[in-house]
Amino acid sequence: MDSILAIPLHCSSDIAGSAWVTRHFLHKKPKLPSLVCACYASNKNEDTLKYQNSLPTFPVPPLKQTLEKYLLQYKPHVSQEEYERTKQVVLEFGKHGGVGELLQNKLEQRKEETENWCYDWWTKYFLAKREPNVLTYSPCSLLYPQNFSGVDEQLQFSAKVLASLAETVSSLARHQYPPAMVMGTPLCMDQYYKSMCSCRIPAQPIDKIFYRCIDQPDAYRHVIIMRNNQFFKLDLLSPDMEPIGPADILQHLKHIVDETKEPGIAIGLLTSLQRNRWAEIYSSMAQDEMNAQSFHDIQSSIAVCCLDETETFSDEETKNQYDSRWGLCGGGSKLNSGNRWFDKGFLFAVGTHGETALYGDHTLADGVLAHAVLSQVTKFLNNNENITTDTCAGSLPPKKLEFAVDDFVNQAVEEAGLHID
């Protein structure tokens with residue numbers, strides 16, 4: 001069944017959210033950082049969750065270590081006088097029988113009672129923030145540009161990425177994906193299952209988060225394709241979780257391009273608004289049954305794939321600036337910001353000239369999952385030549401999602417466009 005996590009507002013955390021763009025290179029023989037390579041060195045025949053029940057619980061650092069690290073991080077940012085004053089406060093806090101020791105004991109007790117004492121606080125922190133999700137809590141990774149000659153190569157590349165994603169989801173659903181390891185030590189696989197088919201839902205005073213683990217018997221099997229601000233629901237796996245082949249995917253993408261010659265209303269821009277404002281608009285729109293169903297189809301999708309029309313530049317510096325802005329937010333309301341759903345747990349965008357960006361909501365996952373997906377995509381791209389639609393198996397065609405739009409929605413979209421620009 002679906003899970004919609006709604007957590008009370010009260011929380012305690014000093015985790016800092018941030019937005020960033022990182023570069024990942026797609027080579028013929030990819031050379032990933034050693035740590036990333038180590039994450040995928042486990043036996044391919046092992047059950048994905050083989051080590052899950054034997055993992056240690058999340059540790060609580062010793063109080064002395066925590067306070068020493070706090071002072072170390074604090075010192076460069078203040079004067080010597082401020083540092084000495086703060087140091088005395090920290091020493092008082094950490095003395096035997098003091099407040100610090102009392103709180104440390106409570107943390108250690110919580111550790112014994114939960115699998116991860118920090119998990120709820122971490123989740124509350126991100127969901128309670130009222131800043132826009134874009135540029136703050138939806139980090140972006142830019143892949144090395146692919147230098148497409150036009151839309152056909154854009155669709156070829158996108159079909160391969162989606163086919164790779166289908167294989168990854170299929171292997172996870174069947175517990176045939178190799179357990180992640182670092183230097184022979186197994187990692188928790190929880191985020192692999194929760195991030196796919198996940199999405200933030202705007203609400204007040206704290207957002208909710210939707211997810212359904214992809215190894216459930218009734219797991220969702222579709223992705224959302226966005227082009228020219230329009231949404232299409234496309235099954236990526238069969239009912240028995242067999243991946244749809246790249247030839248079928250390519251044929252469906254070509255159909256979507258044919259159906260989206262003119263831009264639609266940029267509903268996706270609404271996800272870039274401040275969270276309380278977006279929650280007001282969402283609540284109003286969701287009262288319409290058609291809107292509610294379209295929202296659900298987006299939220300429950302494995303991922304969102306955005307097919308963008310982008311510009312090219314002869315000057316490298318101008319091109320890099322354009323790519324960075326395009327990657328962070330879609331480039332603005334006049335470009336591709338409306339062709340996004342920034343609340344989605346897993347989203348990637350592909351431009352007509354070879355630009356590729358990967359986004360992920362930071363609430364349920366960190367960089368390990370992004371690196372894992374990029375690693376699988378790289379291998380798939382390097383091992384597959386151009387696709388032809390001659391081998392199509394005849395999978396179900398994509399279904400266009402519709403929204404009921406009135407003056408209220410049109411004004412909200414215009415407001416969001418001004419905000420993102």
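Observations on the structure shown:
- Identified option (computed log10 I(q)/I(0) by the Debye sum over Cα atoms at q = 0.08 Å⁻¹; candidates [x] -0.62; [y] -0.92; [z] -0.48): [z]
- Dimensionless Rg/Rh of the stretch 63-113 - Kirkwood Rh, Rg from C-alpha atoms: 1.07
- Among the trypsin sites (Lys or Arg not before Pro) in the stretch 303-380, those placed in a DSSP loop whose Cβ has at most 11 other Cβ atoms within 10 Å are K334.
- The DSSP beta bridges internal to the chain are antiparallel in roughly 70% of cases.
- S54/E317 FRET efficiency (R0 35 Å; Cβ-Cβ; nearest 0.05): 0.10
- Over 24 Å between alpha carbons, listed pairs K106/K129; K194/K344; K111/K194; K233/K261; K160/K254; K64/K87: K106/K129
- Bridge orientation summary for the stretch 253-380: considering DSSP beta bridges with both residues in this region, about 50 percent are antiparallel.
- Amide proton proximity set for S333, modelled H, under 5 Å, gap of 5+: D421
- Residue order, fewest to most beta carbons within 10 Å, for C305, C118: C118, C305
- Shown for M285, M181, M226: other C-beta atoms within 10 Å of each C-beta, ranked fewest to most, produce the order M181, M285, M226.
- Phi angles across the stretch 219-226 convert, under the Karplus curve 6.51 cos²θ - 1.76 cosθ + 1.60 with θ = phi - 60°, into 3J(HN,Hα) values of 5, 6, 10, 10, 10, 10, 9, 10 Hz, Gly and Pro given as x.
- Ordered by the count of other Cβ atoms within 10 Å of each Cβ, fewest first, E167, E113 give E113, E167.
- Label-reachable residues, the stretch 226-263, where backbone N falls under 14 Å from a point 7 Å from E402's Cα toward its Cβ: 231
A short reminder: the numbers here are calculations on the coordinates, not readings from a lab. These figures come from a predicted structure and were not determined experimentally. Don't worry about glycine lacking a Cβ; one is built from the backbone with ideal geometry, like all the others, and counts go over all protein chains shown.
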